[in-house]
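First the structure, in the form of structure tokens, and then the observations on it.
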Amino acid sequence: LLLPWRRRRRLWGKVKEARQRQERSLVQMEMAVRRFREQHPSVNMVSILSLPLPELSKKLRDGSLPPEHVFYAYVGKALQIATETNCITEYLQESETQLRKAKLTGNVGLLYGVPVSIKDSIDCQGHDSTLGFIKNLNKPAAEDSVVVQVLRRQGAIPFVKTNVPQSLISYDCKNLIFGQTFNPLLYTRTPGGSSGGEGALVGGGGSILGFGTDVGGSLRFPAAFCGICALKPTGNRLRPPPAMIALFWSLPVVAAVGPMAKDVESLALCMRALLCEDMFSLDSTVPPLPFNEEVYCSTQPLRIGYYETDFFTMPSPAMRRAVREMKELLEDAGHTLVPFELMNVDYTIFNFCVRGMFADGGASFLKKFKGELEKSSMGLFFWLAKSPNWLKTFLSWIAKPFHLLLPFIGFVSFFSTVDEVWSLHREIEEFCHQFIAQWKKLNLDVMLCPMLGPALGIGYPGKLSVAVSYTMLYNALDFPVGVVPVTMVTDEDEEQLKGYQGYFRDWWDRTLAKAFRGSVGLPVAVQCVALPWQEELCLRFMKEVETL
């Protein structure tokens, strides 16, 4: 409200133009599909959409399925899901030109002819990467991000960009430009975030392979909430886009870019395609580690650590049951399951994540939102960041006994010297060493962990920000971690929620219990974790979980 009237009017004008572009994109998609159907009325699009990615890509490469049939089948389905969920922000019309060129050049790459969707924050040449900020409108990227370049060289066809929450610092999916994205399984629920547009599109069947980013669970929340699979690799196995690095420069957790798909084999195929010479030559910061087929295809029994709760955010009955049932199934399949004692999650979340984000007392955080019309659902963060230091200190003192007020303490725990910032990084390294030492002591191969779920109602993530404890831990550690849906909420789970009180029995625990209710039939996932640079082992474990 303090912005000058003329400036507000100009910003609203930019929002209106962006929404008109979004509408035009959907019209272009509709016209493109209509033209194709008129010219090819006998193409069975339903059968094309039913093919899993490995089979689809094989048919595209051997020529038994024309790429234009696949492309327009997915453009049509994506249009339907976008209309229902508001997940697409822009149609990449040049994808039709790439499709025509692909037909001329022929079979090139493991993903030849595969249409793929791209999260807003990943650069595509000639298109905005808004991150949900109005100020980033009309600033098209000068070139494709490295991941998009490699995808194109592998024959994939990026065809849409998808919605995100403002600033990406949310596991909901809403911004002032494009509005709220809805969960394709239940429209009153969030699709998760910040890769929420991708989760909705892939979960609804409008994309067979999507790409998002993850700095605190941004791939895993949408995958879990929308009933699909996702892989968050080690940070530099697939380097995150520059926009992500610039946005989270002060955060001592590691951002990552990764794939989302309906099944694990599709994720593995994607990693095979991306971990190639093109990736290593285009980005010298990515270690030249090709996909290890031997590890992924191994059938040796695994030694698996597991835990049912982090003792910070009480799991829903369905979350706890998902881990227990998977433990029993894995043991029956010949694997060894070992309890893992998780310690100091609250300390980790506060010190390594929140304290790092607000390392300068919130100044950088505020700067990101300067000139924006709306601060999304983070009003209390802004109020605290702008408060005088004496008030921050007082609030910090009275807030410490309450677990979900920990983020606000971050505003007063800012660092006065560069040495203190480096001290935080050393603390993270020490924590990581301790975690790995405990892992090695138990002689573990992988870890089975809960994943927050089922999908929360729209608006609840803004009230329950520190429920990211289950996911952000592995950003702080920079471990590869995947999400696999394993069960659905039952009537019995719903009944047990009546006794849910949380660990702290405060307003936030009661709100989380309320957010979980009314979820019968929604998917619930688990997390599969491996040590750094062991994405193939992580995927192998995910495949085992999916199969069982």
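One residue stands out among those in the range 282-296 that are assigned to a helix (DSSP H, G or I) and under 26 Å from the mean Cα position of the chain (by Cα): the one that is surrounded by the fewest Cβ atoms within 10 Å (Cβ to Cβ), which is Glu293. Of the residues in the range 437-448, at least one is among the polar types (S, T, N, Q), in the same structural domain as Thr313 (by the TED database) and outside any helix (DSSP H, G or I). Scan the range 469-483 for residues that are of a type outside the set (S, T, N, Q) and under 14 Å from the mean Cα position of the chain (by Cα) and the total you get is 7. Scanning the range 462-483 for residues that are closer than 16 Å to Leu448 by Cα, aliphatic (A, V, I, L, M) and assigned to a helix (DSSP H, G or I) gives Met472, Leu473, Leu477. Of the set (1) open to solvent by 20 Å² or more (accessible area, probe 1.4 Å); (2) within 21 Å of Val164 (Cβ to Cβ), all apply to Thr85 but (1).
Among residues that are surrounded by fewer than 17 Cβ atoms within 10 Å (Cβ to Cβ) and not hydrophobic (A, V, I, L, M, F, W, C), Thr471 is not included.
Does the range 30-48 contain at least one residue that is part of a helix (DSSP H, G or I) and either modelled with pLDDT under 95 or in contact with a strand residue (DSSP E or B) (Cβ under 8 Å, 6 or more places away or on another chain) (or both)? No: the range 30-48 contains no residue that is part of a helix (DSSP H, G or I) and either modelled with pLDDT under 95 or in contact with a strand residue (DSSP E or B) (Cβ under 8 Å, 6 or more places away or on another chain) (or both). Looking only at residues in the range 329-385 that are polar (S, T, N, Q) and at pLDDT below 75, the one that is surrounded by the most Cβ atoms within 10 Å (Cβ to Cβ) is Thr348.
Report, by residue number, each residue of the range 502-526 that is open to solvent by 90 Å² or more (accessible area, probe 1.4 Å) and not in a helix (DSSP H, G or I). I'd like the intermediate steps shown before the answer.
Here is the first cut: in the range 502-526, the residues open to solvent by 90 Å² or more (accessible area, probe 1.4 Å) are 505, 507, 510, 514, 517.
Those that are open to solvent by 90 Å² or more (accessible area, probe 1.4 Å) and not in a helix (DSSP H, G or I): Arg505, Arg517.
Confirm whether Trp533 is open to solvent by 10 Å² or more (accessible area, probe 1.4 Å), assigned by the TED database to the domain that holds Met314 and assigned to a helix (DSSP H, G or I).
no
The values are calculated or read from the model by the stated rules, or taken from the named source; none is laboratory data. Please read these numbers as outputs of a predicted model, since none were measured by experiment. Cβ coordinates were reconstructed from backbone atoms using ideal geometry, including for glycine residues, and neighbour counts include every protein chain displayed. Remember, those area values only see protein heavy atoms, side chains included, never the ligands or the DNA or RNA. Shrake-Rupley method; radii C 1.70, N 1.55, O 1.52, S 1.80 Å.
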